[in-house]
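The numbers here are math on the coordinates, done by the rules we state, and not lab data. Worth saying up front: this structure is predicted, and the values here are computed from it rather than measured. We place every Cβ from the backbone using ideal geometry, glycine too, and count neighbours over all the protein chains shown.
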Number of protein chains: 2
Amino acid sequence: MVELRPITEDNFFDAFHLSLAPGQEEFVSHPVRSLAQAYVNRNQCQPFGIYADGKMVGYVMVIYDYDVPEYDIWHMMIDKSEQGRGYGKEALDRVLEYIAIKPFGGSDRVALTCNKRNPAARNLYESRGFRATGAEDGDEIELAMTLGPRETED
Amino acid sequence: MVELRPITEDNFFDAFHLSLAPGQEEFVSHPVRSLAQAYVNRNQCQPFGIYADGKMVGYVMVIYDYDVPEYDIWHMMIDKSEQGRGYGKEALDRVLEYIAIKPFGGSDRVALTCNKRNPAARNLYESRGFRATGAEDGDEIELAMTLGPRETED
């Protein structure tokens, strides 16, 4: 059972203590650095702790790019001691559910970047419907998807 | 000529690149970590770049503690390549001028903490009127001052 909880003064220190696995530092920013970026983008983003069974196991930030416009997923990571349990997939589902609420603006487009040399992350994103757009920046490729109409219950 | 400029998306990357001198890492948080704390305290703090001749040479954060109430000075640092030029003293003067405007609340009390093994910092703060309050937390001692009435021009 994976859930997202906003980063606040009550849990930010747990985010400081999350660890990237060796070799992953080059692919994703540490949550401390991400939260510093959250400060300067504070009116258009929402950083979350990823929780499993009440414990913070990872981190992700959702930011709205008003210029495109689109929702961007930044800096998603699972602590090195908590990887391989499917938390990334569940967290991504929660992130897409959050974005479907359209907390900042009405765009249906969701985008992120992924390092070319990080196939595990790319497979995760593609399993949830993201596709390469062809845009690249150095080793980073852009993946994007369009949110479908929200399902309604009869 | 030292001035303070708010940290924004235009200059935060310069703050990421500031460097503490060897041995100072144990005394003060790096600006990246400070900005992460600024995110969770975003309604009661103001982080600044310290500029000399238009170049960012250091960092400082002012935060209002509504519980005391008081203004706190956090994480003031001068880049290792820019130390020894009096920028710390001038920056502290600018910080006290900023606090005198009372940007968050009406308290006249200004406090900070300083490591016992960092006499250079303590001398700087005492030269500007800060005095030890007797409060300690491990190796950190609290220094405080009370702002005087604002000078008015005739």
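Peptide A:21-33 has a mean shielding of 1, counted as Cβ atoms of other protein chains within 10 Å of each residue's Cβ. The count of lysine pairs in the protein assembly as shown whose Cα atoms are under 22 Å apart, excluding pairs fewer than 8 places apart on the same chain, comes to 12.
Placing +1 on the Cβ of every Lys and Arg and -1 on the Cβ of every Asp and Glu, with nothing else charged, gives the stretch A:103-142 a dipole about its Cα centre of roughly 200 debye. Position A:Thr133: other-copy label points at 5.0 nm, ordered by increasing distance, label point 7 Å along Cα→C-beta. What's the center-to-center distance, using Cα atoms, between the stretch A:102-135 and the stretch A:32-54 in Å? Centre-to-centre distance over Cα atoms comes out at 18 Å. Across chain A, the relative contact order, built from alpha-carbon pairs under 8 Å that are at least six residues apart, equals 20 percent.
Other residues whose C-beta falls under 14 angstrom from the C-beta of B:Leu20 contribute a net charge of -2, scoring Lys and Arg +1 and Asp and Glu -1. Counting Cβ atoms of other protein chains within 10 Å of each residue's Cβ and taking the mean over peptide B:5-16 gives 2.
Largest first, the three principal axis extents of the alpha carbons in chain B are 37, 36, 34 Å in whole numbers. In the protein assembly as shown, the calculated helix contribution to ellipticity at 222 nm averages -7000 deg cm²/dmol per residue, counting -39,500 (n - 2.57) for every DSSP H run with n ≥ 4.
Put a plus charge on the Cβ of each Lys and Arg, a minus charge on the Cβ of each Asp and Glu, and nothing anywhere else: the dipole of the stretch A:38-141 about its Cα centre is then about 280 debye. Each Lys and Arg Cβ is given +1 and each Asp and Glu Cβ -1; about its Cα centre, the protein assembly as shown then shows a dipole of about 420 debye. Exposure proxy shown here: for A:Tyr59, B:Tyr51, the number of other Cβ atoms within 10 Å sets the order, fewest to most, as B:Tyr51, A:Tyr59.
Inter-copy label distances for A:Gly23: 4.0 nm (label point placed 7 Å from Cα along Cα→Cβ; shortest first). Out of the DSSP beta bridges found with both residues in the stretch B:2-146, what percent are antiparallel (nearest 5)? If I count the DSSP bridges inside the stretch B:2-146, around 95 percent turn out antiparallel. Shielding by partners for peptide B:36-46, expressed as the average number of C-beta atoms from other protein chains within 10 Å of each residue's C-beta, is 6. Note on chain A: with a GNM built from Cα contacts shorter than 10 Å, the maximum mean-square fluctuation among A:Gly58, A:Gly138, A:Gly88 falls on A:Gly138. Sorted largest first, the spans of the alpha carbon positions of the protein assembly as shown along the three principal axes are 72, 41, 40 Å.
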